[in-house]
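Here is the structure we will look at, set down as structure tokens.
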Amino acid sequence: MTDAILTVENLTVSYGRVQAVRGVSFEVPRGGLVTMVGANGAGKTSIINAVTGVIRPTSGRITFEGVDITRTPAHTLVRRGLVQVPEGRQVLASLTIEENLQLGGWHTSGGRTDEVYDRFPVLKERRRLLAGSLSGGEQQMLAIGRALVAEPSLMLLDEPSMGLAPKVVDEVFRVIKEIRAGGTSVLLVEQNARRALRAADHGYVLASGEVAQSGPAAELLADDSIVAAYLGLETG
Ligand code: ATP
């Protein structure tokens, strides 16, 4: 067996009668960069939110660092090193950049903002400005920085490239690879399937709430039938 930091078995998530996730199983090896790709509505956000304790799964089992966390609330998981960068960044526009970063370290004695400033000099320069004054790409860096302050062992990113210009997307993917190189395991959920598969070691293709395909990311990218069936509309 591999040394997995996260194991998800038979996860099901329902909203009333809508079954958004149906029996999904996957794992993130320790130190790995795994991506889950799929179209709008495939169930990606529901999976991330179930893992991070934001929503309760209907059934299934989620294990983090060998411990069952299936019904553990989000704030407890942050303390244990499992942190989410949410879809749409969700920075607090009317707080300063510094205040946003400090929120990421609410559970420690203020958090380690220095390392984040070293990684993102633009945030340091502007630390006293309101987060709402940042561009979309800078807000994404702030959202990632806020998660890094918590010193995660596992970071889950929900569509970090969404709505960003191609150059900024390059920057976001570069940062994600650096974070992984620094020893943090990463689960990256993306609609931008080709980019995500190029960055990841292993990939899962999600369709209608189920895992349709999985394998080494390079093999998924090289398989024309998968590209045609699931990734065909992607560009870049
Ligand atoms: P997106 O890229 O739009 O975020 P996704 O792959 O992340 O898509 P989910 O957001 O997990 O997918 O949604 C999966 C399905 O569950 C969709 O059919 C969606 O309409 C439905 N859904 C999501 N959240 C809710 C909710 N709170 N109440 C009812 N249905 C929901």
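Suppose we filter Val54, Val37, Val24 for residues that are of a type in the set (A, V, I, L, M, F, W, C), open to solvent by 70 Å² or more (accessible area, probe 1.4 Å), within 16 Å of the ligand (Cβ to nearest atom) and within 25 Å of Ser208 (Cβ to Cβ); which single one remains?
Working: Val37 fails: open to solvent by 70 Å² or more (accessible area, probe 1.4 Å); Val24 fails: open to solvent by 70 Å² or more (accessible area, probe 1.4 Å).
One residue alone meets the criteria, Val54.
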- Query: Among the residues of the stretch 179-189, is any among the charged types (D, E, K, R), under 15 Å from the mean Cα position of the chain (by Cα), in a helix (DSSP H, G or I) and surrounded by 15 or more Cβ atoms within 10 Å (Cβ to Cβ)?
  - Reply: yes
In the stretch 133-160, anything open to solvent by less than 10 Å² (accessible area, probe 1.4 Å) and among the polar types (S, T, N, Q) is listed as Gln140
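Select from the stretch 57-72 the residues that are within 20 Å of Gly31 (Cβ to Cβ) and within 16 Å of the ligand (Cβ to nearest atom) and list them in ascending order.
At the first step, the residues of the stretch 57-72 found to be within 20 Å of Gly31 (Cβ to Cβ) are 62-67, 69.
Ile62 - this is the single residue of the stretch 57-72 that is within 20 Å of Gly31 (Cβ to Cβ) and within 16 Å of the ligand (Cβ to nearest atom).
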Subset of the stretch 40-51, residues within 11 Å of the ligand (Cβ to nearest atom) and open to solvent by less than 50 Å² (accessible area, probe 1.4 Å), comes to Ala42, Gly43, Lys44, Thr45, Ser46, Ile47, Ile48, Asn49, Ala50
Residue pairs within 7 Å by beta carbon, gap of at least six or interchain, first lying in the stretch 130-154 and over 24 Å from Lys167 (Cα atoms), second assigned to a helix (DSSP H, G or I) and open to solvent by less than 40 Å² (accessible area, probe 1.4 Å), listed first then second, are Val149/Leu101; Val149/Gly104; Val149/Thr113; Val149/Val116; Ala150/Val78; Ala150/Gly104
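Out of contact with any helix residue (DSSP H, G or I) (no Cβ under 7 Å at 6 or more places or on another chain), hydroxyl-bearing (Ser, Thr, Tyr) and open to solvent by less than 40 Å² (accessible area, probe 1.4 Å): does that describe Thr113? Let's see the steps before the verdict.
On the way: out of contact with any helix residue (DSSP H, G or I) (no Cβ under 7 Å at 6 or more places or on another chain): no; hydroxyl-bearing (Ser, Thr, Tyr): yes; open to solvent by less than 40 Å² (accessible area, probe 1.4 Å): yes.
No; evaluated as a whole, the condition is false for this residue.
So which residues in the stretch 190-214 are open to solvent by less than 10 Å² (accessible area, probe 1.4 Å) and either farther than 16 Å from Val28 by Cα or not in a helix (DSSP H, G or I) (or both)? It would help to see each step written out before you state the result.
Of the stretch 190-214, the ones open to solvent by less than 10 Å² (accessible area, probe 1.4 Å) are 190, 193, 196-197, 203, 205-206, 209.
Passing the criteria: Glu190, Ala193, Gly203, Val205, Leu206, Gly209.
The values are calculated or read from the model by the stated rules, or taken from the named source; none is laboratory data. Not measured: the values here are computed from a predicted model. Neighbour counts are summed over all protein chains in view; Cβ atoms, including those assigned to glycine, are modelled from backbone coordinates with ideal geometry. All accessible areas refer to the heavy atoms of the entire protein, side chains included, with ligands and DNA or RNA removed. Shrake-Rupley method; radii C 1.70, N 1.55, O 1.52, S 1.80 Å.
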